Amino acid sequence: QQPIVIVGGGLAAGSAAKTLRQEGYDGPLTIIAAERREPYLRPPLSKEFLKGQEKEADLLVNPSGWYEKNDVDLRLGERAAQIIPGAHMLRLESEALVPYSKLLLATGAQPRALDVPGAQLEGVHSLRRLEDSLALREELAGGGRRVVIVGSGWIGLEVAAAAREYGNEVTVLGRHASVLRQLEGPLAEVFRRALESEGVQFRLPAHPVEFVAAADRECVAGTVLNTGERIGADLVLVAVGVEPDTALAEEARLRLRDGILTDASLRTSAEDIFAAGDVASSLQPRTGDHVRSEHWSNALNGGKVAAKAMLGADAQLDIAPYFYTDQAGLSMEYSGFGQLVRGAHLVLRGRIDTPEAAKEGFVALWVRDGAVVGGMNVNTPRQQKAIKALIASRAPVDEARLRDPAVPLPEL
Ligand code: FAD
């Protein structure tokens with residue numbers, strides 16, 4: 001019997017392996033993982049772990065020893081170099097050949113690089129791997145440094161908040177007039193103002209055209225912006241998004257469109273090859289379009305669905321994507337179908353006009369065709385369950401009641 005092979009080593013890979021065993025698959029199972037660490041969770045790398053509040057062991061997808069106990073051949077530090085679909089064979093960078101019965105591509109994504117002079121200087125960081133977070137923490141933890149963050153998305157803002165908590169001087173650059181481009185202006189403002197109230201500075205819209213080296217060392221000392229302004233920097237983080245790691249799939253001529261195209265059961269265009277997590281652009285049964293989601297819930301559920309589908313079960317990816325963040329005194333959770341949310345209108349429960357009011361807690365709901373398609377709860381953790389239930393129910397809602405914080409969400 002040829003093994004089921006998973007290429008990856010992140011959350012999607014770890015989740016798929018666990019589900020395969022849980023579902024009773026007791027045949028050979030191999031994971032080819034480029035990093036030299038057991039599959040781990042990345043969200044804390046810009047949050048609790050960066051702030052030194054979590055240990056490495058807290059990040060593991062499956063507990064230490066799980067792979068051995070469950071007879072999983074976990075090959076750390078090995079990289080798959082080529083898929084030969086006709087032969088159901090994988091070639092590793094070491095030239096070893098690995099046959100597969102079913103193959104799951106869970107290769108994730110890589111940080112997008114900035115094409116500006118000086119981007120290779122020492123002190124210019126990106127953040128994807130545990131080592132990246134450790135290196136950042138080492139530089140930030142002592143405080144008193146000038147930190148420039150390029151990118152005003154979730155990761156940029158989370159690191160800005162953590163860097164500020166450590167007592168550094170922090171400036172965030174963003175390409176747009178508003179931070180967090182995927183959020184409506186007033187909601188994005190809640191996060192910007194909360195960070196500003198903690199002392200984080202913003203340049204919006206602005207981007208670096210050059211990173212400048214120190215006079216005596218190949219190490220970053222500042223950045224020149226497109227506006228002509230120069231900002232001194234001891235450390236720069238580039239957090240301008242990620243690109244799906246589709247190299248293997250591309251070479252094997254799998255169908256791609258912003259990621260590896262899959263059906264709702266995560267099958268790719270090639271026989272017996274599946275894709276899950278950040279690398280997959282998957283058919284969403286509820287909306288009929290393909291979406292590549294860069295969130296841990298998608299990697300977790302995608303791993304489960306792909307595992308079941310590889311075993312021949314009728315599994316589909318059909319729950320609302322979920323996302324959380326913690327920064328500058330705001331604990332936010334979000335659930336929603338992004339494509340539906342885009343055409344929806346916003347209903348607010350609670351006040352967001354000042355950082356203090358927002359920190360008291362509020363809920364934002366997106367309503368489309370009379371039903372809730374997305375929802376965000378900030379500093380109101382108990383509301384998330386009700387939001388998920390509202391989205392799943394597709395039930396018609398009365399907007400006046402929805403807007404009224406005195407009417408509990410479960411009673412809508
Ligand atoms: P990855 O975690 O990227 O894992 C892919 C693995 O495959 C990597 O280890 C890579 O080395 C390996 N690999 C690639 N190519 C090969 C090859 N050819 N051979 C062998 N191995 C290979 N999501 C949220 O929902 N909420 C958050 O708050 C949040 N915060 C985040 C903060 C940070 C700093 C980062 C980096 C991400 C965050 N995310 C968050 C996103 C979330 O972590 C990702 O969606 C998730 O990690 C995707 O998992 P994955 O298994 O698809 O891919």
Discussion item. On a straight-distance basis, which aspartates and glutamates could pair with residue 308 in a cross-link, Cα separation under 18 angstrom, same-chain partners fewer than 8 positions away excluded?
Written reply: 23, 26, 263, 271, 272, 318
Worksheet item: Say the cut-off is 32 Å between C-alpha atoms; which of 51/359; 55/102; 47/304; 69/388; 51/385 go over it?
Response: 55/102; 69/388
Worksheet, complete the sentence: Of all DSSP beta bridges with both partners in segment 185-315, the antiparallel percent, nearest 5, is 80
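If the only charges are +1 at each Lys and Arg Cβ and -1 at each Asp and Glu Cβ, what is the size of the charge dipole of segment 306-412 around the Cα centre, to the nearest 20 debye?
Details: 12 positive and 12 negative charges, 23 e Å.
Here segment 306-412 has a charge dipole of around 120 debye.
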Item to complete: Mind putting a number on the dipole of segment 202-356 about its Cα centre? Charges go on the C-beta only, +1 for Lys and Arg and -1 for Asp and Glu, and I need it in Debye to the nearest 20.
Response: 500
Practice prompt. Mind jotting down the distance between the C-alpha centroids of segment 360-376 and segment 321-335, whole Å?
Written response: 14
Discussion item. What is the sum of charges, Lys and Arg at +1 and Asp and Glu at -1, for the other residues whose Cβ falls under 12 Å from the Cβ of residue 86?
Written reply: -1
Worksheet, complete the sentence: In this structure, the FRET efficiency calculated for residue 68 and residue 135 from their beta-carbon separation, with R0 = 22 Å, to the nearest 0.05, is 0.15
Response to the item:
Counting only residues 5 or more apart in sequence or on a different chain, those whose built amide H sits under 5 Å from that of residue 280 are 260
Worksheet item: So what's the net charge close to residue 177: Lys and Arg +1, Asp and Glu -1, counting the other residues with Cβ under 14 Å from its Cβ?
Response: +2
Practice prompt. Would you mind computing, in nm to one decimal, how far apart the modelled labels at residue 215 and residue 89 are, each placed 7 Å from Cα along Cα→Cβ?
Written response: 6.1
Worksheet item: Pick from 104, 127, 248: which residue has the top mean-square fluctuation in a GNM of the chain where Cα pairs under 10 Å get a spring?
Response: 248
Worksheet entry | Distance between segment 227-242 and segment 273-318 - C-alpha centres, whole angstrom | 35
Worksheet item: For the chain, what proportion of DSSP beta bridges, expressed in % and rounded to the nearest 5, is antiparallel?
Response: 55
Worksheet item: What net charge is computed for the residues neighbouring residue 372, neighbours being all others with C-beta under 14 Å from the C-beta of residue 372, Lys and Arg scored +1, Asp and Glu -1?
Response: +4
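None of the figures in this text is laboratory data; all of them are computed from the coordinates on show. Nothing here was measured: the structure is a model prediction, and the numbers come from that model. A quick note on method: Cβ atoms are made from the backbone with ideal geometry, for glycine too, and the neighbour counts reach across all protein chains shown.
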